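Asks: Here you go, one structure.
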Amino acid sequence: MFDTVRPVSLIASLMPLGIAVFVVFVSFLPLGTSDNFLTLGPQFVLCVVYYWGLRAPHLLPPVAVFVLGLAIDLFSAGPLGFWGLVYLSTYALGLGLRDRLKHRGFLLQWLAFAGAAGLGAGLAWAMGSAYFAALLPPSPLAVSWAITVAAYPPLSVIFAVMSGVKLRRGV
């Protein structure tokens, strides 16, 4: 499904981080009525982190992933490090699956993302429950997970086109 991205210029090498920063700002557009930092809506930043972790982790290093999470924490007035840890965990899982998914089709990569995003949502739920010292309802994060998983295919196509990766079919 993917080829490794090799940047040919400074602009190309900064593209993943630029996309991620843009998505952080988009995440805070007033699209819903949520007042809880755990239910900000779809985790589009997670899509960016996972996509670039699979394809070109050298273009979006772990420190950048953590800083993106800190930005979400600061903008949402949540506990510092909360989303950074969630994003780093998902990023690490993507890196761990990278060699296994490298020559597989998009469907399998998407299913792997769904699993990784599910683990990220579970981690967010557990940390949020610990932070508030109460079991939080899991349904808001489940809805966020479902929308995030549904958003991954079109976002990954956009990222691939932007980076010049040739898309391949197959399972």
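Laboratory data are not the source of any read-out in this text; all were calculated from the coordinates shown. A quick note: this is a predicted structure, and the numbers were derived from the prediction, not measured. Here the Cβ is made from the backbone with ideal geometry for all residues, glycine too, and neighbour counts use every protein chain on show.
Asks: Once Lys and Arg get +1 and Asp and Glu get -1 on their Cβ, which of Val23, Ser156, Phe44 lies farthest toward the positive end of the dipole of the range 10-163?
Replies: Positive-most Cα among the choices belongs to Ser156.
Asks: Could you list, bin by bin from short to long, the percent of Cα-Cα pairs of the range 10-163 in 10 Å steps?
Replies: Going out from 0 Å in 10 Å bins, the range 10-163 shows 11, 44, 35, 9, 1 percent.
Asks: Right, here's the next one. Among 96-103, 44-51, 20-27, how do they line up from the highest to the lowest mean number of other beta-carbon atoms within 10 Å? Let's see the in-between values first.
Replies: Numbers: 96-103: 13.8, 44-51: 26.4, 20-27: 16.5.
Order by mean packing, descending: 44-51, 20-27, 96-103.
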